[in-house]
1. Any idea of Arg138's accessible area? Nearest 10 Å², probe 1.4 Å.
2. With every protein chain kept in the model, how would you rank Met143, Met196 by accessible area, 1.4 Å probe, largest at the top?
3. Using square roots of five times the C-alpha gyration tensor eigenvalues, list the equivalent-ellipsoid semi-axes of the chain in whole Å, biggest first.
4. Using unit Cβ charges (K, R positive; D, E negative) and no other charged atoms, how large, in debye to the nearest 20, is the dipole of the chain about its Cα centre?
5. So the label point goes 7 Å from the Cα of Cys58 along Cα→C-beta, right? Which residues of the range 22-46 then have their backbone N under 17 Å from it?
6. Expressed as a rounded percentage, what relative contact order does the chain have, with Cα pairs under 8 Å and six or more residues apart?
7. Length gain on complete extension for the stretch Asn91 to Ala128, per 0.36 nm per residue less the alpha carbon to alpha carbon distance?
8. Mind listing P(r) for the range 1-129? All alpha-carbon pairs, 10 Å bins, whole percents.
Amino acid sequence: MWHIASIEAVEVELDFTSSGRGRYPATAIDVDGIRICNAIEWVDVESDATQVEVCECCGFSQCAPGGWVAFRRIGDRVVWIPAWGAMAKGNWEASEFGPPAYLRKRGAPIFSAAIWEELRSLHSDLPACADLPGIDSREAARMWQLSAPGRELGEYPLEPRLRRDRLDTVTAGDLAAVADRVDACLRAHFEVVRTMVFVPDCAAVRPIEFWCELPGTPNWTAFAHVADNVCFLLDDGTALIHEGALRDVR
């Protein structure tokens with residue numbers, strides 16, 4: 001995952017002379033040297049999908065392909081995920097509504113409440129975090145697939161599953177048995193769309209650490225045991241699981 005610690009608002013000039021519209025001042029948003037939005041004032045915010053990379057020639061949404069995200073909430077944080085709902089409608093839609101390239105390279109950007117309010121101060125149409133839909137179980141499985149190093153969970157549009165040929169071992173337990181449980185977790189979250197909730201603080205969360213044949217990423221921790229379940233683990237230790245599993249968490 002890509003936890004956004006700060007943003008940089010950069011003054012830019014949009015050159016729309018090729019479409020007969022002249023030049024306009026705008027504000028680009030940079031994070032860690034990566035431009036996540038090229039002109040935030042020109043973004044047309046939609047509930048299902050929003051193009052955060054506007055056309056460089058005219059500024060209109062859906063003129064140039066790609067650059068689309070969906071805004072979702074994880075607690076008091078906002079995450080940008082690919083607009084999988086729009087992409088799933090067909091081959092043309094999968095290309096037209098594809099995500100920005102940086103999502104594939106860095107994973108889904110996660111904004112704290114304070115950082116999100118900074119963005120909202122630059123564009124009043126951005127919704128408050130509390131007004132956004134919470135990430136659902138299928139989106140969570142896809143989000144972990146997107147952020148897995150070396151495409152360890154496969155690639156869209158394949159359903160998320162462990163690539164076991166890349167796994168060397170697991171720190172605790174039998175590798176095959178633990179991998180089976182992680183795949184069962186992915187399957188359960190993906191096949192039936194349910195609400196995601198935080199694992200209670202009182203529950204014992206035991207991270208699952210895989211060791212992989214991946215250059216620069218020998219170990220990988222993205223899931224955890226909680227009671228008899230496997231849950232999703234964010235980099236900061238936050239654990240998520242689908243709502244139906246809570247009855248088994250003590």
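The values are calculated or read from the model by the stated rules, or taken from the named source; none is laboratory data. Please read these numbers as outputs of a predicted model, since none were measured by experiment. Here the Cβ positions follow ideal geometry from the backbone for every residue, glycine too, while neighbour counts run over all protein chains shown. These area figures cover heavy atoms from the full protein model, side chains too; ligands, DNA and RNA do not enter into them. Shrake-Rupley method; radii C 1.70, N 1.55, O 1.52, S 1.80 Å.
1. Arg138 has an accessible surface of roughly 90 Å² with all protein chains in place.
2. Largest accessible area first, the list is Met196, Met143.
3. Values: eigenvalues 247, 71, 55 Å².
Output for the chain: semi-axes of 35, 19, 17 Å.
4. Approximately 540 debye in magnitude.
5. From the range 22-46, the list is 22-24, 42-44.
6. Relative contact order for the chain comes out at 13 percent.
7. Numbers: separation 37, 0.36 × 37 = 13.32 nm, distance 3.23 nm.
Result: 10.1 nm gained on full extension.
8. 13, 45, 34, 8, 0
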